[in-house]
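The values are calculated or read from the model by the stated rules, or taken from the named source; none is laboratory data. Keep in mind it's a predicted model, so treat the numbers as computed, not measured. Note that we place each Cβ from the backbone using ideal geometry, even for glycine, and neighbour counts take in every protein chain shown. For the accessible areas, the whole protein counts, side chains as well, though only heavy atoms, and no ligand, DNA or RNA atoms are used. Shrake-Rupley method; radii C 1.70, N 1.55, O 1.52, S 1.80 Å.
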Amino acid sequence: MNEKLEKLNQEIEKTEAKLRRTQHEEKILEHQRKTLTRKERTHRLCTRAAMLESYLPHPEAVTDEQVSLFLKLLFHQDSTRQLMERVFAGTATAKEGAE
């Protein structure tokens, strides 16, 4: 009976060690996921900012506040909202058709 108890205790230790390794691997994978998500977002922000800047006259002379005000005014217009809905609805339809 003592041997059986010893084997069970060893099995518990092995299982707990495996659990700790698995939890550590999970933390590593979660960190990698966050890093990739952050890099994707950074890339997206840089790409889209470059697109915006390509349409600004003399972008080096325009302040951040001016760009922010321009975008705020632009996106609060009904015509802009309607246009965005049409453009993005077409994008969603095209993506669904591709899948």
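Couple of notes before you dig in:
- Accessible surface of the chain, 1.4 Å probe, proportion on carbon and sulfur as whole %: 58 percent
- A simple spin-label model places the labels of GLU25 and HIS43 2.7 nm from each other, with each point 7 Å out along Cα-to-Cβ.
- In the chain, helices alone account for a calculated mean residue ellipticity at 222 nm of -31500 deg cm²/dmol, with every DSSP H run of four or more residues adding -39,500 (n - 2.57).
- Gaussian network model of the chain, springs between alpha carbon atoms under 10 Å - residue of THR35, THR47, THR80 with greatest fluctuation: THR80
- Rg/Rh for the chain, where both radii come from Cα atoms and Rh is the Kirkwood radius: 1.40
- Rolling a 1.4 Å probe across the protein heavy atoms gives the chain an accessible surface of 98 Å² per residue.
- Whether the range 31-89 is rounded, prolate or oblate, judged on the alpha carbon gyration tensor where a/c under 1.5 counts as rounded: oblate
- Placing +1 on the Cβ of every Lys and Arg and -1 on the Cβ of every Asp and Glu, with nothing else charged, gives the range 31-73 a dipole about its Cα centre of roughly 520 debye.
- Under a Gaussian network description of the chain, with springs only between Cα atoms under 10 Å, the residue in LEU69, LEU52, LEU83 that fluctuates furthest is LEU83.
- Between 0 and 90°, nearest 10: helix 64-75 axis offset from the chain longest Cα axis: 80 degrees
- Summarising the overall dimensions of the range 5-63 from its C-alpha atoms, the Rg and Dmax are 24.7, 79 angstrom.
- Contour minus Cα-Cα distance for LEU5 and VAL62 (0.36 nm per residue): 12.9 nm
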